Amino acid sequence: MERIHILAISGSLRRVSSNGRLLRALAALAPEDLAIEFYDELGELPHFNPDLEGSEPPSVLELRRRIREADGVVISSPEYAHGVPGAMKNALDWVVGSGELVSKPVAVLNASPMAAHADASLRETLTVMSARLSPEASVRMPLGAKNLDEAGLAANPEIAELLRGALRAFAEAIKSARKASAAA
Ligand code: FNR
C-alpha cells in the first residue's frame, strides 16, 4: 500500500496556536499509511508580487515544491476580522499562477465554530484555484473554550473521533483523485 503524504498548513503565525495544535493532534491520530508533515514557514514568505514571477525567492519555490510533492493539503486557519489571515492568503496567492493546488485534494479544518466567514472565504478561494476541496474531510471542530494541548486534543473522545473521521474521508478523497488522474 502506497503511503499518503499530507502537508498541513496552519494559517496562524502564533507560537501557541490552536490551529497548529489541532493539526498536530491530527498528525498524532494518523494511521501508519498516512504521513503528515508541517509547513511552518508562512511568515517567511514575501508579500505576493506578480513582478517577482519568474524570479521568485527560495522561500516561494520551497512552498510550491512542498505543495507539489504532497498528495493532499490540510489547512486549519483562524479568522481575523471576518477574513482569512493575510499570511495564509498571501501563501495561496503565490500558487495561483504556478498551479500547485490545481486538482490537489484539500481539506479545511475550522477550529472555531464562530469563524464562518473566513471558512467560507477560504473554501471559495480554494475552489476558484481549482483545488479538489473535500467537503467530507473539511470539518468544524467544537474546540470552544477547550484550551487543550495537542495531546489533550488527541485524547478528547469527541475531537479525536472528528479528526479520525476527517482523516478517513481525506484518505478516500486522495485515493479517488489518484485513480482519476491514473485514468486520465
Ligand atoms: C480574531 N479572532 C476572530 N475570531 C472570529 O471568530 N472572528 C473574527 O472576526 C476574529 N477576528 C480577530 C481579529 C484579530 C486581530 C485577532 C487577534 C483575533 C479570534 C481568532 O480567530 C481566534 O483567537 C483563533 O483561535 C486564533 O487562532 P490561533 O492563533 O490560536 O491558531
Cα-centre dipole for the chain with unit charges at Cβ (Lys and Arg positive, Asp and Glu negative), debye to 20: 360
Amide H partners (placed H, <5 Å) of Leu133, local residues excluded: Val106
Let me have the 222 nm mean residue ellipticity of the chain computed from DSSP H runs of 4+ only, each contributing -39500 (n - 2.57), with the sum over all residues rounded to the nearest 500. -13500 deg cm²/dmol
Hypothetical label at Arg140: residues of segment 75-91 whose amide nitrogen lies under 19 Å (7 Å Cα-Cβ projection): 75-85
Descending semi-axes in Å of the chain, equivalent ellipsoid built from Cα gyration tensor: 24, 21, 15
Which of the GluC sites (Glu not before Pro) found in segment 1-48 are loop residues per DSSP with 15 or fewer other Cβ atoms within 10 Å of their Cβ? Glu2, Glu32, Glu41
For the pair Lys175/Val102, report the inter-label distance in nm, with labels modelled 7 Å from Cα in the Cβ direction. 2.8
Most exposed first, judged by fewest Cβ atoms within 10 angstrom, Ser112, Ser176 run Ser176, Ser112
I need to check one value: relative contact order of segment 1-100, counting alpha carbon pairs closer than 8 Å and at least 6 residues apart, in percent. 42
Within 10 Å of each residue's Cβ, count the other Cβ atoms and sort Arg24, Arg14 from fewest upward. Arg14, Arg24
Take every Cα pair under 8 Å in the chain that's 6+ residues apart, average their separations, divide by the length, and report that relative contact order as a whole percent. 24
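Where a number appears in this text, it was derived from the coordinates with a stated rule and is not lab data. All figures in this text were calculated on a predicted structure; none of them were measured in a lab. Cβ coordinates were reconstructed from backbone atoms using ideal geometry, including for glycine residues, and neighbour counts include every protein chain displayed.
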